[in-house]
Amino acid sequence: MNNLKINGQRLWDSLMEMAQHGATPKGGVCRLALTDVDKAARDLFVRWCEEAGCAVTIDQMGNIFGRREGRDPSRAPIMMGSHIDSQPTGGKYDGIYGVLAGLEVIRTLNDAGIETAAPIEVSAWTNEEGSRFAPAMVSSGVFAGVFDLEYGLSRADLDGVSMGEELQRIGYAGAAPVGGREVGAFFEAHIEQGPILEDEGYTIGVVTDAQGQRWYEVTFTGQEAHAGPTPMGSRRDALLGAARIIDAVNRIGLAHQPNACATVGLIQASPNSRNVIPGRVFFTVDLRHPDDAVLSQMDTALRAALEQVAGEVGLRMDFEQIWYSPPVRFDEACIKAVRGAAEAEGFSHRDMVSGAGHDACYIARVAPTSMIFIPCVDGISHNEVEETTPEWVTAGGQVLLRAVLERAR
Ligand code: GLV
Ligand code: MN
Ligand code: MN
């Protein structure tokens, strides 16, 4: 069992086949949660699980579980997984790598005829990205009891369509209760989505922590008016307010270095007409820091900036923090299992903090959890050019196999 190797080519081929669902002309993927392409990708994953002999369960949040039984039915499953959905201009690896690496572990155990003591499950969590439906990681959050089911199902996209409606429409509103069952351990393999591993020449990131995040939604309301006859001194331009906040958010990020990140990623101006002073602007803010105390300072700075700009420009402000995900410390034994696996396989490795949110951050609340990072080219992710290599993909899968076997013995 110590020499067991995953089939790296099969894992790579599966990634490439899966990437056809939502493929974009620039080589990336657009597979927004619960769209028809997400359904097609889910169908393929379910078929692959069944072909690997797994029993497939879908829960009420549309989370998918493929289960390979173990010798000891009293043992809780050792779980691996990530997400199938992507950003609108996403890549071929974010999320789906952790799902298909988990499937490859199961395929490898099948090929070798290995029976584990604990059952093994591969999971795909619904709407990790939080792009179509905010917040991110919502369905692993329901599984972990962070959100209730009603909250999860009622998350709506910008057109007002809810996750519950879309799960029904695509046939993934499953019957199984969400969570409330024991998980022996959870491992999530993922591309790093940043430049550190590649820059420093490491193959494996042993993820010890994930940084905290706060998400906000802001609406500035001023007054729509004609762009010509309205003098500069008598305007209440909501987009001007948003512009000042975009700059303020950037300065908040810079003022809390090292490690702070601050982003305005979504903005909608209304009526969005070139000769109308914008009367209403909706935008989002994403603040992140690994230290909760610093994240709170950033929150305070954002609130002050919003008040100040609304006053200066004469705007009404509607402001809501819609999500707070505190920093996470992963399980020491699972971290050790990943580090030990990298060591045993002879892969260079370093400990690291995840800058991105992951389903593992919520599963960590209900099960011993850690993550395995592999490098991605130039550190680019949430971008269609997101790339990694077959060697790195194989290495991460190999570490996943070893870590899982250690826990499933
Ligand atoms: C998820 O991809 C996030 O970190 O925003
Ligand atoms: Mn991801
Ligand atoms: Mn992502």
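Need at least 1 residues that are within 16 Å of ligand 2 (Cβ to nearest atom) and surrounded by 24 or more Cβ atoms within 10 Å (Cβ to Cβ) per element, so show me which helices (runs of 4 or more DSSP H) inside segment 320-409 make the cut, counting only ones lying wholly within it.
Details: elements: 332-345, 359-363, 390-408.
Ranges flagged: 359-363, 390-408.
Does Phe373 fit the bill of being aromatic (Phe, Trp, Tyr) and within 23 Å of the chain's Cα centre (by Cα)? So Phe373 passes the test. For beta carbons closer than 6 Å, sequence separation of 6+ or different chains, a first residue in segment 341-367 that is in contact (Cβ under 8 Å) with a residue 40 or more places away in the chain and a second that is within 16 Å of ligand 3 (Cβ to nearest atom) and part of a helix (DSSP H, G or I), the qualifying pairs are Asp359/Ser140; Tyr362/Ser140; Tyr362/Gly141; Ile363/Ser140. The residues of segment 199-229 that are surrounded by fewer than 20 Cβ atoms within 10 Å (Cβ to Cβ) and either charged (D, E, K, R) or free of Cβ contacts under 8 Å to residues at least 12 places away in the same chain (or both), listed by number, are Asp199, Glu200, Asp209, Glu217, Glu224, Pro229. If you go through segment 165-179 and keep only what is within 24 Å of His358 (Cβ to Cβ) and in a helix (DSSP H, G or I), you end up with Glu166, Leu167, Ile170. Only one residue in Arg236, Arg244 is more than 26 Å from the chain's Cα centre (by Cα), in a helix (DSSP H, G or I) and more than 16 Å from ligand 1 (Cβ to nearest atom). Which one? Arg244 is the lone residue from the list that is more than 26 Å from the chain's Cα centre (by Cα), in a helix (DSSP H, G or I) and more than 16 Å from ligand 1 (Cβ to nearest atom). With respect to the conditions (1) more than 16 Å from ligand 2 (Cβ to nearest atom); (2) farther than 15 Å from Ile84 by Cβ, Glu166 lacks only one, and its number is (2). Kindly indicate whether Asp72 is crowded, with 24+ Cβ neighbours inside 10 Å, among the charged types (D, E, K, R) and part of a loop (DSSP other than H, G, I, E, B). Criteria not met by Asp72. For segment 77-90, the set of residues classified as within 11 Å of ligand 3 (Cβ to nearest atom) and in contact with a strand residue (DSSP E or B) (Cβ under 6 Å, 6 or more places away or on another chain) consists of Ser82, His83, Ser86, Gly90, listed by residue number. Of everything in segment 294-319 that is out of contact with any Leu (no Cβ under 8 Å at 6 or more places or on another chain) and not in a helix (DSSP H, G or I), the residue that is surrounded by the fewest Cβ atoms within 10 Å (Cβ to Cβ) is Asp318.
All but one of (1) within 25 Å of Met352 (Cα to Cα); (2) free of Cβ contacts under 8 Å to residues at least 60 places away in the same chain hold for Val264; state the number of the condition that does not hold. So Val264 meets the others, but not (1). Scanning segment 85-104 for residues being of a type outside the set (A, V, I, L, M, F, W, C), within 16 Å of ligand 1 (Cβ to nearest atom) and in a helix (DSSP H, G or I) gives a total of 2. Only one entry of Arg67, Arg47 meets the criterion of being outside any loop (DSSP other than H, G, I, E, B) and surrounded by 17 or more Cβ atoms within 10 Å (Cβ to Cβ), and that entry is Arg67.
Scan segment 105-136 for residues that are at positive phi and either within 16 Å of ligand 1 (Cβ to nearest atom) or assigned to a strand (DSSP E or B) (or both) and jot them down.
Listed by number, the residues that qualify are Asn127, Gly130.
Every number here is computed from the coordinates shown, using simple stated rules; none is lab data. Note that the structure is a prediction, hence the values are computed from the model and not measured. With ideal geometry, Cβ positions are generated from the backbone for all residues, glycine too; neighbour counts draw on all protein chains shown.
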